[in-house]
Amino acid sequence: MRHGALTLLWLALASLLLVFPVRLWIRAAPRDLLARPTSPLDQTDGAAARQWIFIQKARTVLPPGATYTVIAPTRDVEMNLFMMSLGLLPEAEGLPSSYYGVPTPKIGSRARYVLAYKSSLPPGLHLTRAVFTDGTVSERRSPPR
Amino acid sequence: MMQAALFLAAHLALPLFGLPVAVHPSLRGAPLPARAAAAFAAGAVALTVEATLFSILGIGWSAASLASPLLVASLGIAMAWARRPVPAEARAGASRWVAAAATALAGLAVVHLGLSLFTARATSTDFLLFWGVKGARFAAAGGIDADLLRRGFSHHLVPDYPPLVPIVFSWSALVAGELPWQFAPSLAVLWLVAAIPLVAVFLRRRLPPNTATAVVAFWTVAVAISIVHSASGGNAEAPLLFFETAALAALLAERREDPATSRFFPALALSGAALTKVEGSVAVVLILAGVALRDILERRPRPLVRLLPLAAAPIVCLAVWFAFQATHGLPVGYRTHGELADVHVRHLSSVLVGMARHLDAGTAWFSWVVPLALLAASGRRSRAALLPALSLGAGLLLFFLFDYLHDPTDPSIRIAWTLPRISQPCLSALILAAGLAGASRGALSDPRLPLSGFR
C-alpha cells in the first residue's frame, strides 16, 4: 500500500475510534456532563465514593495522632474504608476491626475513636463527636485497652 | 485550587530535574516538545532514585531537600553536555493538512481523557486504596515509610511495589502542602501528552512524516480511550505506558549505524518502567529479548554487547529499591504469586474467554483489530525489525495468562478488574508495530530514510 493511502487509512480509522467516546459523552446526562465531582470516584464507583466522602468528613473531627478504627455493615466495606482512611488520615493511626474479612476485634478495640459507617454503636459506651449523612465519629468513654 | 495548581506545577517541574537528557547528543536534534518529554521522563527517574537513596541514608524529604541536589546536578550536567557538538540535521514535517487532521484527532482524544479524569469518570480505585495512600503517607513521613510498609495490616499497600509513582505523588504533595485527592488522578493525562511527541519523533525516523503523524494520531486516540475505559487515573498505568512506549519507540527506530549513545534514552525509559510497576521489569526483559533477537537476525554489530547498557540501567535502579528494602527490614525483591509450577490448567478456557472479553479497550475491540489486520496485511515484510514490539505485546499477554492460571479459584473477576488496564502496553506495542509494518521494505531493512533523522 502506498504511503499516501496508508496515511489516509490511519487517520480515517482514528476518526472512527472517536465514535466510542462521543457515544459515552452523549449518554451522560447533560447536567452531569461537566459537574464538579464530590469525590474521585463519583462516576466509577458510587458506593466507594460515599465511603470516601465519609472518611473525608471524619478527618475534620480526628485530632492529629489519634487512634481510630472503622466499622461498617459488611467486612468488604469495612476493609475498603480502612484502606482509604490510611491515605486520608495520614497523621492518625488506623487500627482495623477486621482485615480482608478476618475479624480483628482485639486490635480495633484499642482505638480511641470509632468511625461507624452506616452502623450504630452500643449506647452509653461512646461520646458522639460528629454525625454525618452516612455515619458517625465517636470517642470511647473508657480508655482504649 | 491553589493546592491543585502547586501539585500540577510540581509535576511540570520534573523536566528541570532531567534537563541533561534534553541536550544529550542522542536527542538534541529532536523538536523541543520531544526533548521536554524526555526530560520529564528523566526527571521522574532521577527524583525516584534520589528520594530512595535519601530514605536509605536517613535524609528527610522536603521540597527543598529533594529539589536542590537534583537542580544543581541537572544544570551542571546539562551545561557540560550542551557543549558537545551535534551534527546538523534535516527535519521534514508532515504536510499541513495531515498535521491539522492528526492534531485535531489527538486533541479530541486528549480532551476526552482530560475531561473524564477531571470529572471523576476515570479514577482508579487503587489510587485511593494504595497508590495515593503511599504518596500521602510518604510525604507526611518525610521519606519512604518503612514502618508503614512493615506493618501486618499494610498487606494491601503491596509494600514490595517499586516506588516511582508514590514518590512523584509525594514530591508534588510536599510542594502543594498536601495530596489533592480530587485533582491528582487528572494528571494521568500528562503522561499521555508527554508520550505523543516522543512516539512521533521516533516513528518519523522510520516512516514518512505524514504516515508517522497519522499513526501517532491513531495511537493517541486508542490509548486515551483505553485509559478512560480501564479507569487508570491515579494509578501507575499511565506512567508505565509512557515509559514502555517511549523506550520501545526509540528502540524500534534505531539504526544499524547509530552510535552506542543512541541507547541512552531507551535505557533511561526502561529504568522508569522498572521503577514503576513489577510488570515493568517483565516488559524490560521482553523488550531486551526482542531487541537482541532483532539485532542478531539483522546481523547488527555486537548485539549482546550493545544490550548491556539497556539492561544495566534498570538493574541499577531496581538495586536501589531493593537496597532500601534490605536496609529497612523488608523482604527483598518481589513476592511471588504462588509456586511457579502451581498452574491451574482447568481454568484455561475461562481465562482465555475472560481475557478475550476484556481486551475490548473501550472500542469494541476495534483498537486491537485495526493494527492486527494491518500487521497481517503487511505479510512477512521486515518482521524481524518489529521483534521488540511483538515480543512485548505477545510476551506480556502470555505472562498475564500464566499469572491468571496461578489463581486457585476461577480468576474471571480478577481478569475483569485488571486486564483492561494492564494490557495497555500490549495495545501500544501492537499499534507501533503495525505502523512500522507499513513502512516500505527499504525503510525498515536499510533505514537511511532521507527524513528527520537525529542521533
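Please treat every number below as a calculation from the coordinates, not as lab data. Fair warning: this is a prediction, and the values are worked out from it, not measured in the lab. So basically every Cβ, Gly included, is an ideal-geometry build from the backbone, and we count neighbours across all protein chains shown.
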Can you give the Rg to Rh ratio for region A:46-140, taking only C-alpha atoms and Rh from Kirkwood?
0.91
Helix A:46-58 vs. chain A, principal-axis angle (Cα, 0 to 90°, nearest 10)
50
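Assign one of three labels to chain B, namely rounded, prolate or oblate, based on the Cα gyration tensor with a ≥ b ≥ c the square roots of its eigenvalues; rounded applies when a/c is under 1.5, prolate when it is not and a/b is larger than b/c, and oblate otherwise.
rounded
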Averaged over A:46-52, how many beta carbons belonging to a partner chain fall within 10 Å of each residue's beta carbon?
2
Highest-MSF residue in chain A out of A:135, A:65, A:108 [GNM, Cα springs under 10 Å]
A:65
Reach of residue A:106 by Cα under 23 Å, taken over lysines that are not fewer than 8 positions away in the same chain:
A:118
Net charge near residue B:414: determine it from the other residues with C-beta under 11 Å of the C-beta of residue B:414, scoring Lys and Arg +1 and Asp and Glu -1.
-3
Only bridges whose two residues both fall in the protein assembly as shown count here: according to DSSP, what percent of them are antiparallel, nearest 5?
65
Restricted to Cα positions, what overall size does the protein assembly as shown have along the principal axes? Three whole-Å values, descending.
83, 51, 50
Give me the Kirkwood hydrodynamic radius of region B:45-168 in Å, from all C-alpha pairs, to one decimal place?
18.5
Quick check: Cα centre of region B:189-238 to Cα centre of region B:32-55, how many Å?
20
For region B:1-24 and region B:395-422, what is the separation of their Cα centres, given in Å?
35
Can you give the local net charge around residue B:199? Use residues other than it whose beta-carbon is closer than 15 angstrom to its beta-carbon, Lys and Arg +1, Asp and Glu -1.
+2
Taking every other residue with Cβ under 14 Å from the Cβ of residue B:424 and scoring Lys and Arg +1, Asp and Glu -1, one gets -2
Taking one equal scatterer on every alpha-carbon of region A:1-109, how large is log10 of I(q)/I(0) by Debye at q = 0.11, 0.12, 0.16, 0.20 1/Å?
-0.56, -0.60, -0.79, -1.02
Please enumerate, by chain and number, the lysines with C-alpha under 25 Å from the C-alpha of residue B:134, excluding those fewer than 8 residues away in the same chain.
A:57, B:277
Region B:98-169 and region B:310-373 have their Cα centres apart by a whole-number Å value of 18
